[in-house]
Structures are given as C-alpha cells and as structure tokens.
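This report refers to the structure that appears directly beneath it.
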Amino acid sequence: MNREEAKREIERLTEELLRHNYLYYVKNQPEISDYEYDMLLKKLQKLEDQFPEFKLPYSPTSRVGGEPVEGFETVKHSIPMISLDNAYSEGELLNFNERVEKLLGHSVEYTVEPKIDGIGLALIYKNGVLSMAITRGDGVQGDNVIENAKTIKNIPLKIFSKIPDYFEVRGEVFLPFETFRKINEEKEQNGEELFANPRNAVAGTIRLKDPKIASKRGMQMYCYQIITDESFLPRSHFERLKLLNSLGFDTPPHTLKLKEIKEVVEYCKKFEEVIKPSLTFPVDGMVIKVDNVSLWEKLGTTAKFPRYAIAFKFKPEQATTRILNVTFQVGRTGVITPVAELEPVKLAGTTVKRATLHNFDEIKRLDIRIGDTVFVEKAGEIIPKVVKVVKSKRSGIEKEITPPEKCPVCGEKTVQLEGEVAVRCINPSCPAILKNSILHFVSRDAMDIRGMGESLVDRLLEKNLLKDFASIYQLKKEDIASLERMGDKSAENLLKEIEKSKQKPFPNVLYALGIRYVGQKAAKLLAAHFKSIDRIINANEEEIAEIEGIGKKIAESIKKYFSLKHNLELIEKLKKHNLQFEIKDEKNKPQPLKGLTFVLTGEMENFTRKEATEFLENLGAKVSSSVSRKTDYVIVGKNPGSKFRKAVELGVKTVDEQFLLNFKEKLEKKN
Ligand code: IVH
C-alpha cells in the first residue's frame, strides 16, 4: 500500500469505526459483532503504526491510550465552572423554591438529576472533534487531560450531527463501584496504598500521566450541560439532555422533569430510599434545576452560586461511635494493620463493629486514640473506616496507639522497612502469616479449594496438620474427619476439592504462591511469557522486568522469592504433588464452543460472572458484553438485565445456567 492509499484507508477505517461506535452506543443498533469491530480496529491500529503521520486526532484507537504525557497544559474555562449551593433538608428545598418563585413572580417546572459523585470535566469540540478535556481545577482554569478523556468509552470522539463549530459539553467523570473495587483489589495485591473512595480514585485516574493505564480503569462520564451558540439549543434543560443523548453523550440516568416542588421533594426522598441503594455508580445527592433555561439569566447568581439550581445532599453515610480498643491484624505478607474495635453502630443499613485504621501514619495524621469518639464512614460504601476524631469529647484518659514492637501473633520483633509506612512481622514461620498465606493459596482466584475456609484452616493449624502449602496435599481422610465438626463425608468432599485443585492452570498456581507484588495480572503475564516455573526461576531480573506490565519492582520481588532455599524446596514438593507448573499445550485442548458468541445476564447460582466467562472461554467461546444479532446464546440468570429483553427482541437463543452445568458435567465425566 502506498502512502496515498494508506492515508485514505486510515480515514475510511476511522470513519467506519466511529459510525459503528455511534450505532452501538447511541442507537443501540449494532450492525457488526464485537469481534468484527475488534478486527477493524486492529487493522486501523496496524496502519497507524506504519503511518503515524496519518493518524486522526479522533481515531478510535486512542481509546486504549496513547503515549505517556509529561504534564498537563493549564487552560482557562470558557465560563467559570461554578459549584452549587447545598440543601440538606426538605425545608431547605422548599426555601429554594420560594426564592425562585418570588424572584420570577410565578411557579416553574424543574428537572431533577442524580448528583454524580465524581469530578467535573469540560469537553471541548472544535468542528465536531473532541479537542480538549479540561478538569474543573479552581473553577477558572483547569488541566487539559485530553489523552485520558479519550479513553473514556462513553465520550464521543467526534460528533456526527451538524453542530456549531465551538461546542462544549460538561459533566461528571466517575468510576462505577465494581470498577473501583477491582482497582483497589489490584492495588492491594500489589501492596500499594488503596483509594479511599470512588471519587478519589477517579480524581487520581484522570490525572495519570500514562493514558494506557487510565484506559484500563473503566472511567465513565455523565453529561449535563452544553455551552455553545444559544440559538442552537432548546429552551428546556430536559430537552437539552435529550439533545446530548442524540449526539452520543450519556446523561445522568433517572432524570425526571417535574411540575412542582412537592413532586421534587417526593422524588428526592424516593430516590434516596429506593433507587440509590440499587445503583452501580456513586451518587451523593440530587441536582434540582429550573427547567426553562431562559429563566436562568433572570435568576442570575449570588456571589458564589447560581440561583436557578441547588444540590440536595443525601445524608452522609457516617455515624459517630467510640473506639473501645485497637487490635492488630497480621496479613499474609506480614504487614500489621491496626483495626479499631468499635461500640456497635448502625451505618448504611448494617451494624459496624470494626473499622480499619489503615496504618500507623493514618493514626498519627488523624490523632486517633483508644477511647476516642470518632466518625466512621463507609468508604465508597464498601469498607467502614474512621475518618475523624471528635476531639471535644475527649476526657483526658484516652490512650495513644503505638505500633507493636512485637508481632501480636508470634511475639517476634517487628520491623519497619526503609521507605515503607507498614510495620511488619518478618518471621517466616509466624502462624498468622502461614494462616493468611494458606487462605490466599486456597482462595477462589488461586487454587480454589472450596470448603477450606478460615475456621477449618484454624483447626488444621491447631492440630499441626498444616506447615506449608504442600502439607495441604498430604492431608489424610482420618486427619480431617477427626476434627471438630467434620466427619467422613465432609473429609471426602474436601479431599476431592484438593485433588481437583491440581488441575488449576499455571497462572493460578503462580498467583497462589503469594509472591509479593505478583497479583493475578502479573501471574498471567509471567506464565504467558515464560511458560514454566523453571524458566522463571532461571530468568534474570532484567529479562523479567522487560515484560510489558511487569517492571522492576515485581522482577526484584520474584528474584528475591526464588533466592530463598525454602521457597525452591516448596516448589519441588508441590511439583511432586502434580500441580501445574507449566502451560499445557493449548493446541490439543478441545474447543467445542469455538466460533460461538455468548452474552451473560443476571445472577447464577453456581458460577460467578468471572467463572462463567473463564469456563466458556476455555471451551473456545467468545464472551461479549452486549447482545447483537451476531450473538449465538444469551445465558440468563436470576434478575436478568436489559440484555435479556434485547435477546428476545432480536430473536437470539436464550438458555439458563443448566446449559453450563450440563457442559461441566460432560467434561468432568470425560476427565
Ligand atoms: S450542574 C452551574 N448537575 O456537582 C452548575 N452538577 O456542586 C453546574 N455534579 O461542580 C453543575 N452531578 O461537578 C450538575 N447532575 C449534575 C451533577 C453535578 C454532579 C457536580 C459538578 C458540580 C458539583 C455541584
């Protein structure tokens, strides 16, 4: 292909892919399957790699993230990004309405939107092409984070309809709870500090210097404001949101236009009680806006806030209670985490008795003492934590918390490694480290030995039946059956599970070993690259660090792990028990579902979403996240979502969980 042809082909593919994006995200009417889309994208990527000078600024390949940036350019906002005044009660909402009516001399209709708990972003389209994405900053100027914004899948890179040359769209970038949980899980596996809540996580992500990492974080954006030639826009705010939808933007779901303030109050209450608990993304209130935008100018702004809108803030999911004691937990890597034992308190529907204090720096920062009255909060509505001390309630007898000099479990001296916040126990035979390492080894994403929960592991350790991972494979039926609350049947079941775990593929085994910083992702990358444990053991640090996604820190940790004699001996023992220490020849694996595309919806009883996906992919199937005419089967669980409806509409075959169970049974028989 010559340069001229390449240029034309890049333009053609870019336009075609953007059209498919539009059909998929806006029209909900995809014309091609996810697979065909990926193939077109690959083709474009290849051409762009060959001819980077022809890559268009709105190329859909930017979704995966371009080259790292050195810093962000500061840009002045077209008009300031102001924030809203808050109302915390029904009375304050009624006052707001009264002020509006008084100023205008008549009643008005309102648009009520969820207040998304993320960070504000302004998207600037020049001649229909996304050209800048500016963070709120100080409201007057912000940072242009365009490369990261381009990775957000529900932000259009180009607008297809006719719009004014300058077109600005503002909204909120956020992280859904599930994505937030995964980011923190990965951070935990890598021994990094966790994000306190989805909002902090998104604020950190949008400012990452490497868009490739940002692209994997799964940010999303809901838009709610347009700044452009006013004559192009409808007068009603609600209609403006609809216009945004038709141009390819997502707007806050559950938005309503309501006729009077009474309805607004009712809806806010209903939303907080009924809708909010079921949402998959963080919302911290409702935004109430006068629907007729022509009235916005008449109402104007106060020194700080507009008079045409207000934020009704939900009750914070916080409570006050007292710290009765502080205990120390020893994790599998020996890190000692301080935990506050609390006077039980109700918080967001559950009773909270303990809260993490993270580390000793955090205790110092907040000046937390035993006996203190504190605020506890559900961070990202998941883990309770102590956020503030009520110092005025101190009586003087509160006790300071000092890092333990000895491990609370084994009594050995603790250490604080250079450059680390964490205090650790480094005794390799500390029972707490052994227990937590075993719990990690048998966990679902590792060897998946069902039935080997904390209480059973405790009992096995007590009887001295577990000394390391290998001793799991030496357990005898009578050892297990003789334990409290165990019998012949449960012993047999456990042994079956242990036997089954020997089939777990190499990446799981590698992850199960619990090498510091080797999380699931790193284990997969290492296994795919080296194919066997022996090659990893023999590789040098540079070779390991060179693998994309691994890096120096992990490489160092791996070398350190395998430099210890007892770890090498452990691997030898596990090899004797026939665990998978290499990647099996994939070519001979049966692929009965090859060529078929599946979509999953609803909850299953016997599989998590991840397990079902892995199971199908292992059989050669492709698992897609959306239903199209090209989908072969939709597997429908309990409480299915809109994908089920779509499958029925399109006439795609639907099956239930039994389909997977039948396959599983057949395969197990064969083995
Ligand atoms: S309207 C002129 N609508 O909350 C007012 N803001 O304190 C423009 N937010 O800075 C804001 N969801 O970052 C509006 N549906 C929504 C929102 C929303 C979240 C954020 C936004 C704003 C802050 C208001």
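Listing for the model above:
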item	result
Relative contact order (%) - criterion: Cα under 8 Å, at least six apart; region: the chain	9 percent
Cα shape, segment 331-483, gyration tensor, a/c 1.5 rule	prolate
For the chain, Cys with no neighbouring Cys Cβ under 4.7 Å	CYS223, CYS268
Length gained when the stretch GLU546-LYS346 is fully extended (0.36 nm per residue, less Cα-Cα span)	67.0 nm
Relative contact order (%) - segment 68-141, alpha-carbon pairs under 8 angstrom, separation at least six	41 percent
Mean residue ellipticity (222 nm) of the chain, computed from DSSP H runs ≥ 4 via -39,500 (n - 2.57), nearest 500	-11000 deg cm²/dmol
With Cα atoms, 0 to 90° folded angle of helix 658-670 axis to the chain main axis	30 degrees
Helix axis angle, 237-247 relative to the chain longest principal axis, alpha carbon, degrees	60 degrees
Distant-in-sequence amide H partners of VAL283 (H built 1.01 Å from N, under 5 Å)	ASP117
Size of charge dipole - segment 382-499 - debye, nearest 20, with Cβ of Lys, Arg +1 and Asp, Glu -1, no other charges	640 debye
Relative contact order (percent, whole number), segment 255-350, Cα cutoff 8 Å, 6+ residue spacing	19 percent
Cα-based reach from LYS575 at 16 Å (exclusive), listing aspartates and glutamates while leaving out same-chain residues under 8 positions away	ASP468, GLU499, ASP534
Cα-based shape type of segment 140-288, given that a ≥ b ≥ c are square roots of the gyration tensor eigenvalues and the cut on a/c is 1.5	oblate
The chain: C-alpha gyration tensor shape, a/c 1.5 cut-off, then a/b vs b/c	oblate
Protection proxy ranking of 493-499, 388-394, 193-199 - average other beta-carbon atoms within 10 Å, highest first	193-199, 493-499, 388-394
For peptides 4-15, 279-290, sequence by mean Cβ density within 10 Å, most packed first	279-290, 4-15
Interchain or long-range residues, amide H under 5 Å from ARG354's placed H	LEU342
Euclidean distance of C-alpha centroids, segment 100-129 and segment 193-219, integer Å	26 Å
Cut-off under 5 Å, modelled amide H: who pairs with TYR125 long-range	SER131, PHE167, GLU168, VAL169
Hz values of 3J(HN,Hα) by residue in segment 395-412 - Karplus curve (6.51, -1.76, 1.60), Gly and Pro given as x	9, x, 9, 5, 9, 5, 9, 10, x, x, 7, 10, 4, x, 9, 9, x, 6
Cα centroid separation - segment 592-668 against segment 427-474, whole Å	34 Å
Degrees between helix 261-270 axis and first principal axis of the chain (Cα, 0 to 90, nearest 10)	10 degrees
Too-long pairs where the Cα-Cα distance tops 31 Å, listed order kept, from LYS589/LYS610; LYS276/LYS298; LYS552/LYS664	LYS276/LYS298; LYS552/LYS664
Sum of side-chain charges, GLU398 neighbourhood, beta-carbon under 12 Å (Lys, Arg +1; Asp, Glu -1)	+3
Long pairs among LYS76/LYS289; LYS467/LYS496; LYS182/LYS622; LYS209/LYS524, criterion Cα-Cα beyond 27 Å	none
Peptides 147-154, 90-97 ordered by average Cβ neighbours within 10 Å, highest first	147-154, 90-97
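Taken together, the values in this text are just the output of simple stated rules run on the coordinates, not laboratory data. Please read these numbers as outputs of a predicted model, since none were measured by experiment. All Cβ positions, glycine included, derive from the backbone under ideal geometry; neighbour counts span all protein chains shown.
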